[in-house]
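Please read the structure below before turning to the comments.
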Amino acid sequence: MNRLVRLFRTSIGSKLVVAASGTLLLGFLFVHAGGNLLILKGPDALNGYADWMQGHPLLWGFRLGLLALFAVHVLTAIRLARANRAARPTPYRRIARLGARLPGRLMVFSGLLLLAFLIFHLLHLTVRAVGPEVQPLLDGAGRVDVYGMIVASFSEPLTAAVYLLAMGLLGLHLVHAIEGLFQTLGFNHESYQGLIRLLAPALTLLLVSGFAAIPLLVISGALGGG
Amino acid sequence: MDFTLHIWRQHGAAEAGRFVTYPVRGISPDLSFLEMLDVLNEELVGRGEAPIAFDHDCREGICGSCAMVINGDPHGPLPGTTTCQLYMRHFANGAEITVEPWRARAFPVLRDLIVDRAALDRVIQAGGYVSVNTGAAPDAHALTVSKQAADAAFEAAACIGCGACVAACPNGSAMLFTAAKVVQLAMLPQGRPERARRVIGMVEAMDDAGFGNCTNHYACAEACPKQIPARFIARLNREFLNAALTSREFVELARPHEHEE
Amino acid sequence: MRTPPFDPHTPEGPLAEKWQRHRAEVRLVSPTNRRRYRVIVVGSGLAGASAAASLAELGYQVDCFTFHDSPRRAHSVAAQGGINAAKNYRNDGDSVERLFRDTIKGGDYRSREANVYRLAEISNQIIDHCVAQGIPFARDYAGYLDNRSFGGAQVARTFYARGQTGQQLLLGAYGALSRQVHSGQVRLHTRTEMLDLVVEDGRAAGIISRRLTDGRIGRHAADAVVLATGGYSNIYYLSTNALASNVTAGYRAYRRGAWFANPSFTQIHPTCIPAVEDRQSKLTLMSESLRNDGRIWVPQSAHDERSPADIPDTERDYYLERMYPAYGNLSPRDISSRAAKAVCDEARGVGPGGRGVYLDFAEAIGRLGRRVISDRYGNLFQMYQRITGEDPWQTPMRIYPAAHYSMGGLWVDYDLMTTVPGLFAIGEANFSDHGANRLGASALMQGLADGYFILPQTLGHYLAGRPPLAAQNGTAAFEEAQAAVEARLKRLVAVGGRTPVDVFHRRLGELMWEYCGMSRDRAGLEQALAEIPTLREEFWSGICVCGGSEEFNVVLEKAGRVADYLEFAEVMVRDALAREESCGAHFRTEYQTADGEAQRNDAAFAHVAAWGFRDDGSAPQRAIEPLSFEHLHLAERNYR
């Protein structure tokens, strides 16, 4: 255990924590997006999937694990960010080429906004403390009508806009995160640099479009219109 | 050529500093940036004012002494160039030029544009060498080294220790500096026996010196006058994680630098 | 303190056995006693860092001083071309004997046989050690070390790391030093300058230092003091040396009784970027290794203003190849420099002011391809382009000679000890191995031979006869030396003029270049002797250090160094005046052969000239150490 304690006290060890937790979270997001896209197969598929999850014995374990992962990711990143801020007590009057590095420099900013969005998202769709009343709550098979709830929510332009904005932020966050991930874990080689450069925006685009597709389809009337 | 300079003036480490504006006129485009400052300094001395203090020595881009942020770029706007090798022909006539010292907690300002970079020495002291005593070496051809490895080691060894990487990094991180030495010695068979020890010692010394953490912006590599690539940082990460997760040294090695000032 | 005549203490026996025999006979300090001795090393370049590290490895307590912010900045870092060794890895006929002969001949028979032979012997160990340190020397595809050839040699014996060999070797020594700092065996004093030597009972007892960041004066006692403080070519103001390179430590030691040998032997390097601007602060060297593949030429006719591309081959004069067919473009530095000056004096020089010759790679690029040339010299080409704004891939480089290295230095015996017992001088700071002219790639070799291999043996021989920590820093000698340093600083601060120190440095430089530079004559040297005191007086009434001595004052640092140059210049000029012959880099126009070659006078001047300070203000005393050539015969130095 001594080994891990010492590792996590170093800068590179701390970054390993952020990178590793980030990777797991990224994995979760892909699963989440995949689940969401069941909406394309209609109410039955989505509601069935939601119902299967709700009844799963490991649901709470999974949720707690996810929470812990988030906490580790966010808290370690904040700790590093504070150390980084302290490492430059006097700012420069001028900084050249700031724009080119914007996604990277906005990591803390985008991260904190995503955290705020996450809270909203949980209140909205999990706790259902905010957002429109959905009636009836259950579908024809007696399951929670997730499909109906989504369609009703995203039919409100404001909610859809919040979600789309958040997905933009997620993209901003991930495009730097995925590229940095390889670097932090030590995979960066002359021969594969091009591939990694390509992979980060490609994965980001894939994930973000998977999420953003739903509100967009609802707004355009392609989903739930019937 | 004429320029307007905004230069950071700070009398001593404990005193507050400020920007002072100086016009300079009639500068030849064939003067280097430092020679332009020499001209200004001679004018200041002529008026009985203290000249602008800056570190410099070889003036051919190899000693790593000169260090200033010029218009927001460490060593100025030209890639792969130290301040002493930057010529006024690269600036537009009439340009406004802001000149600041390296800014990092680990590099306190001593006077004007001079900062204390001893922290970089401490990183090297913690392991940036092969521990061979004089007289102990076998014949130079006892071990062959592939040209590829020798060239890669050289690419890393080209670091001049100027600290531009730290100055450029938004976090004041010294990862590129540390990586350069770790990678150089990791590439060579002579550096292998101490590989784990070295990377552990150097990374921990780097952390203790008050540098920030790498957040993968690669501003360091852009600023590096010797164009040391950022992928060496990935290699450093790999070397360190490998040593931390698998070597005995990581459990047994003391942390001598922990509370050192 | 020793008085002339000085005995070099060369060991007995056949030349090839002297060093081994000496090593077997020197007194030793036992491992447990070594930690009781404290040694001061001033300077952290190749010689200083290697000596400090090696002494610490042996167990001595070492204090290492550098005026830089880090030991890694010492000017050894700028050496480009390479380091010689007699490995004969190329099977081209090299040997210790041949390296020895080349070096003696290159130095125009003005160096000690025994010292040079030892240097050649040790050269191979240096390469072994540096490779073990992880220095990334150039290698071939099979993984073996590559070599290139250098001026004054017909074998390829130069090991190199692109154009940054000095940097890589220095970083190796810096690493070794850092390791000892880490273990606590070396105390490192950065940004701290030695301002005086303390001599007590005729022996070196320590130094007085000034911490540059706050002006604090320090007294440091030690059992021995080692000066590794480099050369003084910066006396010419425009030189290839770093701007802070200075003679202060050596000159202060001279004033305390260490004799200065051959001060007028300064090397002018043939391949530097010509000066184009009168406010230029330095001349940049282009490694001599470029002469491996570059061809040097000027137009055949005077005042030819055509661009180089427009001058056909038949109208070019490849003058080195013409005059010295055996060595051609790889003729030694002094000869190449003078030849460049000669063609420029004939109005055949090129570039602004006509002070330049072409160094042309067109033929080599055609023969070897761009890639090979880029591998060998890429960074040098880039550097040239940075500085001049011209692209050497398209148009030939322009080069001109510039002051580069000082063969002269503190007189030392075979053990590298000066005339002050307990005071040692190593590397460029001593005079020992290069005679009247140093061959390319030999400075790195000598600095490291002295620091890694010679001094650690011979210093013990001195210490073994002494009780440890005999010196304390509270004695009258330390008080006196500190008071003298402080008084001098006060005097500099009190001048209160309005003239920048650099103005005087530039004027001194112009004067020395004119009268005591690439060629010298009696009238000019006497003129210099008349002008230097005047300039000195103007300095002491005109400068402004613009601040006090108890602060970080970069002007004060510089002023102290220039003040010492202004005194030392006279010693240099006197030496050049007294040596009525031409040898190596010392070219007296009165003494030349019919075809303009240096004419030595072995009957009268086959000796080392050493100069001793007299504190009554009169001219320094000159003493000679005769050079006897038992192994080699004094011969005309022929590179034709």
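The values are calculated or read from the model by the stated rules, or taken from the named source; none is laboratory data. Nothing here was measured: the structure is a model prediction, and the numbers come from that model. Cβ sites come from the backbone with ideal geometry, for glycine too, and all protein chains shown count toward neighbours.
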Would you point out the residue of segment C:237-260, among those that are of a type outside the set (A, V, I, L, M) and not in a loop (DSSP other than H, G, I, E, B), that is surrounded by the fewest Cβ atoms within 10 Å (Cβ to Cβ)?
C:ARG255
Would you be able to say whether some residue in segment B:235-252 is more than 23 Å from A:THR76 (Cα to Cα) and at pLDDT 95 or above?
no
For C:THR10, the lone unmet condition from (1) surrounded by fewer than 23 Cβ atoms within 10 Å (Cβ to Cβ); (2) among the β-branched types (Val, Ile, Thr); (3) more than 30 Å from C:ARG255 (Cβ to Cβ) is (3)
Could you please find all residues in segment A:183-208 being within 11 Å of chain B (Cβ to nearest Cβ), among the aliphatic types (A, V, I, L, M) and surrounded by fewer than 18 Cβ atoms within 10 Å (Cβ to Cβ)?
A:LEU185
If we keep just the residues of segment C:140-164 that are modelled with pLDDT of 95 or more and not in a loop (DSSP other than H, G, I, E, B), which is nearest to C:LEU15 (Cα to Cα)?
C:THR158
Answer yes or no as to whether B:GLU194 is among the acidic types (Asp, Glu), within 14 Å of chain C (Cβ to nearest Cβ) and crowded, with 22+ Cβ neighbours inside 10 Å.
no
A:LEU114: passes all of (1) under 21 Å from A:THR76 (Cβ atoms); (2) loosely packed, with under 13 Cβ neighbours inside 10 Å but (2)
Note: among C:ARG148, C:ARG179, C:ARG187, just one is touching a residue at least 12 places away in the same chain (Cβ under 8 Å), surrounded by fewer than 21 Cβ atoms within 10 Å (Cβ to Cβ) and under 26 Å from B:ARG255 (Cβ atoms), namely C:ARG187
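Conditions tested, residue by residue: (1) hydroxyl-bearing (Ser, Thr, Tyr); (2) in contact with a strand residue (DSSP E or B) (Cβ under 8 Å, 6 or more places away or on another chain); (3) modelled with pLDDT of 95 or more.
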site: A:LEU4; (1), (2), (3): no, no, no
site: A:ALA19; (1), (2), (3): no, no, yes
site: A:THR23; (1), (2), (3): yes, no, yes
site: A:PHE28; (1), (2), (3): no, no, yes
site: A:GLY34; (1), (2), (3): no, no, yes
site: A:GLY42; (1), (2), (3): no, no, no
site: A:GLY65; (1), (2), (3): no, no, yes
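Restricting attention to segment C:229-287, which residues are among the charged types (D, E, K, R) and farther than 13 Å from C:LEU410 by Cβ?
Listed by number, the residues that qualify are C:GLU277, C:ASP278, C:ARG279, C:LYS282.
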Out of contact with any Pro (no Cβ under 7 Å at 6 or more places or on another chain), facing chain B (nearest Cβ under 7 Å) and among the aliphatic types (A, V, I, L, M): is that true of C:ALA153 in this structure?
no
B:PRO51 being within 27 Å of B:GLY161 (Cα to Cα) and within 21 Å of the chain's Cα centre (by Cα):
no
So is C:ALA161 touching a Phe, Trp or Tyr at 6+ places or on another chain (Cβ under 7 Å) and either closer than 16 Å to B:LEU143 by Cα or more than 11 Å from chain B (Cβ to nearest Cβ) (or both) or not?
no
From C:VAL350, C:VAL357, grab the single residue that is over 22 Å from B:GLN85 (Cα atoms), of a type in the set (Val, Ile, Thr) and either within 14 Å of chain B (Cβ to nearest Cβ) or free of Cβ contacts under 8 Å to residues at least 60 places away in the same chain (or both).
C:VAL350
Scan segment C:207-227 and tell me whether some residue there is touching a residue at least 12 places away in the same chain (Cβ under 8 Å), away from chain B (no Cβ under 14 Å) and polar (S, T, N, Q).
yes
Complete set of residues in segment B:4-46 that are over 30 Å from C:VAL276 (Cα atoms), over 23 Å from the mean Cα position of the chain (by Cα) and not in a loop (DSSP other than H, G, I, E, B)
B:ARG18, B:PHE19, B:VAL20
Can you name the number of the only condition in (1) within 14 Å of chain B (Cβ to nearest Cβ); (2) surrounded by fewer than 24 Cβ atoms within 10 Å (Cβ to Cβ); (3) not in a loop (DSSP other than H, G, I, E, B) that C:VAL199 fails?
(1)
Failed criterion for B:ALA149 (all others in (1) in contact with an Asp or Glu (Cβ under 8 Å, 6 or more places away or on another chain); (2) assigned to a helix (DSSP H, G or I) hold)
(1)
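To keep it simple, each residue is scored yes or no on (1) more than 9 Å from chain C (Cβ to nearest Cβ); (2) touching a Gly at 6+ places or on another chain (Cβ under 7 Å); (3) buried (at least 24 other Cβ atoms within 10 Å of the Cβ).
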{"site": "B:ALA16", "(1), (2), (3)": "yes, no, no"}
{"site": "B:PRO23", "(1), (2), (3)": "yes, no, no"}
{"site": "B:VAL69", "(1), (2), (3)": "yes, no, yes"}
{"site": "B:GLY128", "(1), (2), (3)": "no, yes, yes"}
Test: A:GLY194 is of a type outside the set (Asp, Glu) and in a helix (DSSP H, G or I):
yes
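Residue by residue, here is whether (1) of a type outside the set (Ser, Thr, Tyr); (2) in contact (Cβ under 8 Å) with a residue 24 or more places away in the chain holds:
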site	(1), (2)
A:THR126	no, no
A:ASP139	yes, yes
A:VAL144	yes, yes
A:TYR147	no, yes
A:ILE150	yes, yes
A:GLU156	yes, yes
A:ASN188	yes, no
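For B:ILE97, are the conditions met, namely being touching a strand residue (DSSP E or B) at 6+ places or on another chain (Cβ under 9 Å), touching a residue at least 60 places away in the same chain (Cβ under 8 Å) and more than 11 Å from chain C (Cβ to nearest Cβ)?
So B:ILE97 fits the description; yes.
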Tell me whether segment C:463-478 contains one or more residues that are part of a loop (DSSP other than H, G, I, E, B) and within 24 Å of C:HIS607 (Cβ to Cβ).
no
Going by what's in this entry, would C:VAL545 be described as touching a Leu at 6+ places or on another chain (Cβ under 6 Å), of a type in the set (A, V, I, L, M, F, W, C) and in a loop (DSSP other than H, G, I, E, B)?
yes
For B:SER146: the one exception among (1) within 8 Å of chain C (Cβ to nearest Cβ); (2) surrounded by 21 or more Cβ atoms within 10 Å (Cβ to Cβ)
(2)
